[in-house]
Amino acid sequence: MIVVFGSINVDVLVPVSHLPVPGETVLGADYRIAPGGKGANQALAARRAGAAVTMAGAVGNDAFAAIGLDLLRRDGVDLSLIATVERPTACAVIAVDPAGENLIAVASSANLLPRAAQVPDRLLTSDTVLVLQREVPDAENAALIARARAHGARIVLSLAPAGPIEPARLEDIDLLIANRGEAATLGGDASGIGRRLRQALVVTRGAEGATAFLVDGGEITVPALAIEPVDTTGAGDTFAGVLAAGIDAGLALDQALRRASAAAALACLALGAQQAMPERAAIDAAVARLGQ
């Protein structure tokens with residue numbers, strides 16, 4: 001099974017003619033409100049890919065909480081480890097341009113309050129894939145990683161937002177996922193960082209696919225589907241969630257990467273993060289179209 005410890009947001013999506021630069025106001029048309037947050041996104045992506053998923057995080061006692069949890073609940077993600085706290089449910093404002101590129105500002109709010117203790121030891125076994133990101137406190141991630149490692153769980157961490165993962169240690173993490181910009185913040189070459197992890201550093205490269213830098217010094221590169229993107233919001237989270245689902249299902253890393261790459265492309269074909277995430281049948285069909 002998969003346990004996701006992470007953020008739960010409500011996204012306010014604003015289509016704009018171009019992304020604003022500092023000091024610029026750009027007028028958009030109608031906004032949309034949708035569930036989001038890297039943790040919730042990855043949980044939903046893994047669930048739609050076929051995994052059993054439990055989500056741990058925090059929401060406020062407000063109307064946004066129901067929106068943030070809506071699709072997770074509908075798709076059958078276990079929400080029993082969600083805490084209701086005194087701060088508001090987190091909110092992200094996302095500007096999206098006609099090419100599908102985005103600019104995001106996040107009010108963390110309740111995402112500052114998830115605690116590692118919400119996840120019991122009984123869920124941190126060798127049958128568990130623990131999935132984390134960096135939109136909740138680093139100290140809580142580190143505490144949960146240490147417990148998960150002690151109990152034999154496999155650990156997948158997304159380096160998003162970019163930045164140092166301390167006090168967690170690279171040596172305790174099985175798979176670290178980063179885009180090119182995020183990987184550059186690690187302060188070393190990708191191959192060297194991959195050798196420090198338990199399995200691999202996975203660097204996503206958008207339309208160029210993804211490369212895994214393995215602990216043994218090898219590399220696995222997978223292509224991306226050729227698409228015309230509508231909105232890239234949530235593509236990275238889809239990649240992470242589907243990759244975790246593949247690992248949970250016992251797939252070899254190269255197969256899991258191919259499924260993640262195909263799913264990430266499919267997630268770019270509609271507006272929003274969670275609404276655009278593909279189901280397992282769609283992923284199966286897309287993998288068959290993925291080049292070598």
Selection from the range 189-207 of residues under 17 Å from the mean Cα position of the chain (by Cα) and either part of a helix (DSSP H, G or I) or without any contact (Cβ under 8 Å) to a residue 40 or more places away in the chain (or both) yields L201, V203, R205, G206
Over 30 Å from S126 (Cα atoms), crowded, with 17+ Cβ neighbours inside 10 Å and touching a Leu at 6+ places or on another chain (Cβ under 7 Å): does that describe A212? no
When the residues of the range 208-223 are filtered to those that are more than 19 Å from the chain's Cα centre (by Cα) and assigned to a loop (DSSP other than H, G, I, E, B), which remaining residue is nearest to A263 (Cα to Cα)? P223
Of the numbered conditions (1) surrounded by fewer than 24 Cβ atoms within 10 Å (Cβ to Cβ); (2) in contact with a Ser or Thr (Cβ under 9 Å, 6 or more places away or on another chain); (3) in contact (Cβ under 8 Å) with a residue 40 or more places away in the chain, A240 fails exactly one; give the number of that condition. (1)
Residues in the range 232-247: is at least one assigned to a loop (DSSP other than H, G, I, E, B), out of contact with any strand residue (DSSP E or B) (no Cβ under 8 Å at 6 or more places or on another chain) and modelled with pLDDT under 95? no
Which numbered condition in (1) under 16 Å from V156 (Cα atoms); (2) at pLDDT below 95 is the only one that D189 fails? (1)
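For L124, are the conditions met, namely being buried (at least 20 other Cβ atoms within 10 Å of the Cβ), in contact (Cβ under 8 Å) with a residue 60 or more places away in the chain and under 15 Å from the mean Cα position of the chain (by Cα)? First the steps, then the outcome.
Working: buried (at least 20 other Cβ atoms within 10 Å of the Cβ): yes; in contact (Cβ under 8 Å) with a residue 60 or more places away in the chain: yes; under 15 Å from the mean Cα position of the chain (by Cα): no.
Spelling it out, it is not the case that L124 is buried (at least 20 other Cβ atoms within 10 Å of the Cβ), in contact (Cβ under 8 Å) with a residue 60 or more places away in the chain and under 15 Å from the mean Cα position of the chain (by Cα).
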Return yes or no: is A264 closer than 24 Å to L157 by Cβ and either touching a Phe, Trp or Tyr at 6+ places or on another chain (Cβ under 7 Å) or aromatic (F, W, Y) (or both)? yes
Can you work out which of the residues in the range 129-161 that are touching a strand residue (DSSP E or B) at 6+ places or on another chain (Cβ under 8 Å) and part of a loop (DSSP other than H, G, I, E, B) is surrounded by the most Cβ atoms within 10 Å (Cβ to Cβ)? V136
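The values are calculated or read from the model by the stated rules, or taken from the named source; none is laboratory data. Quick caveat, the model's predicted, so the values are computed rather than measured. Glycine also receives a Cβ, built like all others from the backbone with ideal geometry; neighbour counts cover every protein chain displayed.
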